[in-house]
Amino acid sequence: PAAAKRECVERLLDTARRQGYTTGKWMVFLEPGVADAAWAAIARATATGELGCSAKVAPTGAGPDELVRKAVVCCVYVRDFDERAELQRVLRALMALMAPLQVPVTAGFKPDAFTMLGIDGKQNRWRLPPTVHSVAEALAWDVAPAPPAPGTQQDPIELDG
C-alpha cells in the first residue's frame, strides 16, 4: 500500500503540473492569543516580499454565535511546489518570523491541488498524506538560496503602524 500511495501522490502532482496548478502552502497553527500578532507579522512580511506570494488566516470564531476555535490556521503560499529553494526560503523566513512569538512551524507543505481534492489531515477517503514535504525534510534539502519569487519582490506596500 505505501508504494501505491506514493505513486498516487506523484500522479496527482503530475496532473497538477500539467494543469499549471502548482501553488501550495506552508501552514502554521496559531493559538487565538497570538493569532493577531502572528498574522500582522505574516501580512507585513508577505506585503514586502519576505515571505511567499500570498497568505491568509482563518477567522478565530470570536463572534457571539460562533464556536471559539482552539487554534486557527494561517497559510503562506508559494507559487510552485517544485521550486525547492523557494519552498525552503519561505519556510525559513516563516520560522524566523514566528520564533519571537514562540509559535512552532510544524505542519508540512500542502499543494493546493490536495486541498481542492479534500485530501486533508482528517481521515480522507483515500488515506493519502495531506502534505508532500515535512518541515524537517525541507530544512535538510541541499539547495542554493532562492531569490524571492518573481512578482513577490516589489515596491513595499505602505502599511500603517
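The values are calculated or read from the model by the stated rules, or taken from the named source; none is laboratory data. Remember, predicted model here, so these are calculated numbers, not experimental data. Counting neighbours? That spans all protein chains shown, and the Cβs are built from the backbone with ideal geometry, glycine included.
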Near pairs, Cβ below 6 angstrom, 6+ apart or cross-chain, from region 98-110 (within 17 Å of A45 (Cβ to Cβ) and touching a residue at least 40 places away in the same chain (Cβ under 8 Å)) to any residue that is of a type in the set (V, I, T) and part of a loop (DSSP other than H, G, I, E, B): M98/V105
Residue under evaluation V34, criteria (1) β-branched (V, I, T); (2) within 19 Å of T131 (Cβ to Cβ); (3) assigned to a helix (DSSP H, G or I); (4) touching a helix residue (DSSP H, G or I) at 6+ places or on another chain (Cβ under 9 Å), criterion not met: (2)
Matching residues, region 30-53, being farther than 18 Å from Q88 by Cβ and at pLDDT 95 or above: A37, A38, W39, A40, A41, A43, R44, A47, T48
Qualifying residues in region 54-88 (those that are at pLDDT below 90 and basic (K, R)) - the one surrounded by the fewest Cβ atoms within 10 Å (Cβ to Cβ): K70
